[in-house]
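Below: the structure, in structure tokens.
The values are calculated or read from the model by the stated rules, or taken from the named source; none is laboratory data. Worth saying up front: this structure is predicted, and the values here are computed from it rather than measured. With ideal geometry, Cβ positions are generated from the backbone for all residues, glycine too; neighbour counts draw on all protein chains shown.
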Amino acid sequence: MMKGIHHTGLSVLDLEKAIAYWTGCFGFEVAARFDVEDIPETRALMQAENPAAKVAFLTGPTGHVELFQFDANAGVPAQSHTVHDAGIRHACLQAIEVDPLFDRCAENGTRWHARPSGLGTGALYAYVRDPEGNIIELEGVPWGPADQTLPWYAHTAIVTPDIDRLTAFYEFLTGTKVHNRGAFGPHRSFDRVAGLEGIVFKGAWIRLDNATLEFWEYDVPRTTPAPRKDATGPGWNHICFEVGNADETYDCLAAAGIPLHAPPVSNAFGTLFYGRDPDGNIFECLEVSARFRALSVDRLAGREFITRLDDAIEAHYKPAR
């Protein structure tokens, strides 16, 4: 059983600065810190020559972020992508008032090309970059629950050269159908948010219990296939789905012919394994251990909160699509 998006992984070059950024800008809290050893088991698990890393697990109201500082990236320059580049491209944080959130990010080393602006949906949007150039979407949803004072994780976005193929894969993986699709552009309002000119693109969304998977395929400029992602490379590097039973999930996916790195392994955090989607992006399936049950999707902001928020968003978006 797929419970939801447990976390999105981000490979950073300076762990302490990344922790300060996520706690200072978004109010996420450090829930755990640990080291990954360079041993045969973890090399197989991550398909990496040297997976040694320092890790911080940060938690927010509706989802988590896992920050890795891999030894293999010592001296590697930060990467910079445009919003139409293929891969796991951004995570989205929502807040009722986005301008104060944007300003707080700016005070903490964020770069941007435009302040939050509208797309005719009633929400405000901005793509910003953390101090290492990783893209984060800030979205202001004034109809959000008034009692939610901290920003909350809303979705992780994957940009793909073949949106139909990729959404079909994640429908199978999650057991949930795409609930909305759309085609957009050209329009200057989209250009302003994306920081590109004359963009034309398609989108699709899969809503899970705690958050949403978002998919984009850009026609102008064209999204082209990306090189196979290394698990240790800087940037957004994997999406983790919480499952009820990791061993059963592994057997089911293996039987379906889905490329998987290695059989499940267990540690203090839980039982987990990694695999690849048709674009080569890395996904993780995690069965959370009893010790870390407090970090389970089950313990995040209640489903009622997510349902109320999603229904309100859908009501506002639908007229614009």
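Observations
- Just one residue in the set Gly198, Gly182, Gly203 is touching a Lys or Arg at 6+ places or on another chain (Cβ under 6 Å) and of a type in the set (Gly, Ala, Ser); that residue is Gly182.
- Residue check, Ala211 surrounded by 20 or more Cβ atoms within 10 Å (Cβ to Cβ) and modelled with pLDDT under 95: yes
- Selection of the range 33-85 for residues being out of contact with any Phe, Trp or Tyr (no Cβ under 6 Å at 6 or more places or on another chain) and among the small types (Gly, Ala, Ser) yields Ala44, Ala48, Ala52, Ala56, Ala72, Ala74, Gly75, Ala78, Ser80.
- Summed over the range 281-308, residues that are among the hydrophobic types (A, V, I, L, M, F, W, C), part of a helix (DSSP H, G or I) and at pLDDT below 70 total 2.
- Scanning the range 54-81 for residues that are under 18 Å from Tyr127 (Cβ atoms) and either of a type in the set (A, V, I, L, M, F, W, C) or touching a helix residue (DSSP H, G or I) at 6+ places or on another chain (Cβ under 8 Å) (or both) returns Val65, Ala78.
- Residue ID - farthest from the chain's Cα centre (by Cα), chosen from residues in the range 126-174 that are within 25 Å of Ser189 (Cβ to Cβ) and small (Gly, Ala, Ser): Gly144
Let's see how each residue does on (1) without any contact (Cβ under 8 Å) to a residue 60 or more places away in the chain; (2) farther than 18 Å from Asn73 by Cβ:
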| site | (1), (2) |
| --- | --- |
| Lys3 | no, yes |
| Ser11 | no, no |
| Leu15 | yes, no |
| Gly27 | no, yes |
| Glu37 | yes, no |
| Glu41 | no, yes |
| Ala44 | no, yes |
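- When the residues of the range 195-208 are filtered to those that are within 23 Å of Val65 (Cα to Cα) and modelled with pLDDT of 95 or more, the one that is surrounded by the fewest Cβ atoms within 10 Å (Cβ to Cβ) is Trp205.
- Residue check, Ala78 in contact (Cβ under 8 Å) with a residue 60 or more places away in the chain and part of a loop (DSSP other than H, G, I, E, B): yes
- Arg188 being surrounded by fewer than 22 Cβ atoms within 10 Å (Cβ to Cβ) and either closer than 19 Å to Pro221 by Cβ or touching a Cys at 6+ places or on another chain (Cβ under 9 Å) (or both): yes
- Condition met for Gln69 (outside the structural domain of Glu197 (by TED's automatic domain parsing) and either over 19 Å from the mean Cα position of the chain (by Cα) or aliphatic (A, V, I, L, M) (or both)): no
- Check on Leu138, without any contact (Cβ under 8 Å) to a residue 60 or more places away in the chain and not in a loop (DSSP other than H, G, I, E, B): yes
- The residues of the range 149-168 that are at pLDDT below 95 and part of a loop (DSSP other than H, G, I, E, B), listed by number, are Thr149, Leu150, Pro151.
- Where a residue in the range 215-227 is free of Cβ contacts under 8 Å to residues at least 60 places away in the same chain and its partner, wherever it lies, is of a type in the set (Lys, Arg), with Cβ under 8 Å and at least six apart: Glu217/Lys202; Asp219/Lys202
- Hits in the range 218-234 (condition: part of a strand (DSSP E or B) and closer than 14 Å to Ile163 by Cα): Tyr218, Asp219
- Test for Ala262: is it of a type outside the set (Asp, Glu), closer than 22 Å to Val55 by Cα, outside any strand (DSSP E or B) and touching a strand residue (DSSP E or B) at 6+ places or on another chain (Cβ under 7 Å): yes
- Members of the range 169-184 that are in a strand (DSSP E or B), out of contact with any helix residue (DSSP H, G or I) (no Cβ under 8 Å at 6 or more places or on another chain) and free of Cβ contacts under 8 Å to residues at least 60 places away in the same chain: Arg181, Ala183
- Among residues of the range 249-270 that are over 18 Å from Met1 (Cβ atoms) and outside the structural domain of His6 (by TED's automatic domain parsing), none has a Cβ under 7 angstrom from a residue that is of a type outside the set (Phe, Trp, Tyr) and loosely packed, with under 13 Cβ neighbours inside 10 Å at a sequence gap of 6+ or on a separate chain.
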